[in-house]
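So the structure is just underneath, and the comments pick up after that.
The values are calculated or read from the model by the stated rules, or taken from the named source; none is laboratory data. Everything numeric here is computed off the predicted structure, so don't read it as measured data. Methodologically, a virtual Cβ is constructed for each residue, glycine included, from the backbone with ideal geometry; neighbour enumeration extends over all protein chains shown. When the accessible area is computed, the model is the full protein with side chains, heavy atoms only, and any ligands, DNA or RNA have been set aside. Shrake-Rupley method; radii C 1.70, N 1.55, O 1.52, S 1.80 Å.
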Amino acid sequence: MIAEEETLAELMRLAQGGDRQAYTALLTESQRWLERFFNRRCAPGNRDDLVQEVLIAVHNKRATYDPARPYLPWLAAIARYRWVDHLRTVYRKAEQDLTDGDIPAGSEEGAMLARLSLDRMLAQLPEPQARVIAWVKIEGLSIREAAARSGQSESAVKVSIHRGLKRLSALPEKAE
């Protein structure tokens, strides 16, 4: 049976009246239509789940279908809403997966790349600024300890760090 609008609308009308054979035929044709609909919109692994979700929604919402209106636009609206919900879920999951845990614990590559990038940025600063920023912000020394190492006052170290970080934030970001 080819899913034609008039046929599907009639099958739904009969199904609403309690005709089980019409309901089975309607769900079969709806499933075929939905498989084609989702084939173009999602990964094959998600298609069957989305088809089943829509068929369950059709089952749950069948009483709201108005037999005077076309069936396929009603089905397409349900399918579209399920598809958008699926995309939102996939997007949220992808967002949550982008955490610091993406770099394996034993991997030195991420730390090495970050350090190279940081060294490139610090190289663009005057040596005294880069040095105190590295001591305080990377190595974790206190302002007092950095001042003692550099021979500067604590205020001078704070100003140097502030100006250096401000200068770094103004640098154009380069992906090298």
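Just one residue in the set Ala123, Ala146 is open to solvent by 40 Å² or more (accessible area, probe 1.4 Å) and among the hydrophobic types (A, V, I, L, M, F, W, C); that residue is Ala123.
Close contacts from segment 39-60, counting a first residue that is closer than 16 Å to Leu72 by Cβ and a second that is in a helix (DSSP H, G or I) and among the polar types (S, T, N, Q), with Cβ to Cβ under 7 Å and a gap of 6+ residues or different chains, come to Val51/Gln31; Leu55/Ser30; Leu55/Gln31; Val58/Ser30. Checked against (1) surrounded by 15 or more Cβ atoms within 10 Å (Cβ to Cβ); (2) part of a helix (DSSP H, G or I), Thr28 passes all but a single condition, namely (1). Against the test of being among the hydrophobic types (A, V, I, L, M, F, W, C), out of contact with any Leu (no Cβ under 9 Å at 6 or more places or on another chain), open to solvent by 50 Å² or more (accessible area, probe 1.4 Å) and modelled with pLDDT of 90 or more, the options Ile56, Ile2 yield a single qualifying residue, Ile56.
Residue pairs whose Cβ atoms lie under 9 Å apart, separated by 6 or more positions or on different chains, with the first residue in segment 132-153 and more than 16 Å from Asp119 (Cβ to Cβ) and in contact (Cβ under 8 Å) with a residue 60 or more places away in the chain and the second of a type in the set (A, V, I, L, M, F, W, C) and part of a helix (DSSP H, G or I), do not occur.
Residues in segment 11-24 that are open to solvent by 30 Å² or more (accessible area, probe 1.4 Å) and either touching a residue at least 24 places away in the same chain (Cβ under 8 Å) or part of a helix (DSSP H, G or I) (or both): Arg13, Leu14, Gln16, Arg20, Gln21, Tyr23, Thr24.
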